[in-house]
Amino acid sequence: MRKSLYILIMFLNIGIVKAELPITAQYPDKITYNGTEYSLNSNPLEPYFEKNPENRPDMVSTALWRGYVGHFEIIDSELYLIDMTRPIGFYKDEEGNSRQQWISIYKR
């Protein structure tokens, strides 16, 4: 009984700690289909970078551990990588709001 209570308390503590951890949301890859852009819940390029780690872009932030955002498009029922981007900094727009600036790294 005492061992069961100890295990229950341990699992409850792990659940509470895990629920309160500050986790950074990742920038998702994007896909365009019929002219509309959607966020992907997967990273289609990861199998390639797992086999070719020397080609992986460097991590730029905890919000982008992959080092890139892949931009895909479905054209004639085929999936194409049309761009890869990464953030390079911030700027202020006309209204004074902070915006993130992105560059293409597709050619690299």
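The values are calculated or read from the model by the stated rules, or taken from the named source; none is laboratory data. Not measured: the values here are computed from a predicted model. A quick note on method: Cβ atoms are made from the backbone with ideal geometry, for glycine too, and the neighbour counts reach across all protein chains shown. Surface areas here come from the heavy atoms of the whole protein model, side chains and all, with no ligands, DNA or RNA. Shrake-Rupley method; radii C 1.70, N 1.55, O 1.52, S 1.80 Å.
Taken over the range 50-78, the residue count meeting the criterion of being among the hydrophobic types (A, V, I, L, M, F, W, C) and touching a strand residue (DSSP E or B) at 6+ places or on another chain (Cβ under 6 Å) is 4.
Run Gly67 past the list (1) on the phi < 0 side of the Ramachandran plot; (2) under 14 Å from the mean Cα position of the chain (by Cα); (3) modelled with pLDDT of 90 or more and report the number of the one that doesn't hold. All conditions pass for Gly67, except number (1). Looking across the range 20-51, the residues that are outside any loop (DSSP other than H, G, I, E, B), farther than 19 Å from Arg108 by Cβ and open to solvent by 100 Å² or more (accessible area, probe 1.4 Å) come down to Glu20, Tyr33, Glu37, Tyr38.
Hey, can you tell me all the residues within the range 52-99 that are surrounded by 12 or more Cβ atoms within 10 Å (Cβ to Cβ) and of a type in the set (S, T, N, Q)? Across the range 52-99, the qualifying residues are Ser61, Thr85. For the range 27-60, enumerate the residues that are touching a Phe, Trp or Tyr at 6+ places or on another chain (Cβ under 7 Å) and either farther than 20 Å from Leu79 by Cα or at pLDDT below 90 (or both). If the condition is that a residue be touching a Phe, Trp or Tyr at 6+ places or on another chain (Cβ under 7 Å) and either farther than 20 Å from Leu79 by Cα or at pLDDT below 90 (or both), then Asn55, Arg56, Pro57, Met59 are the ones that fit.
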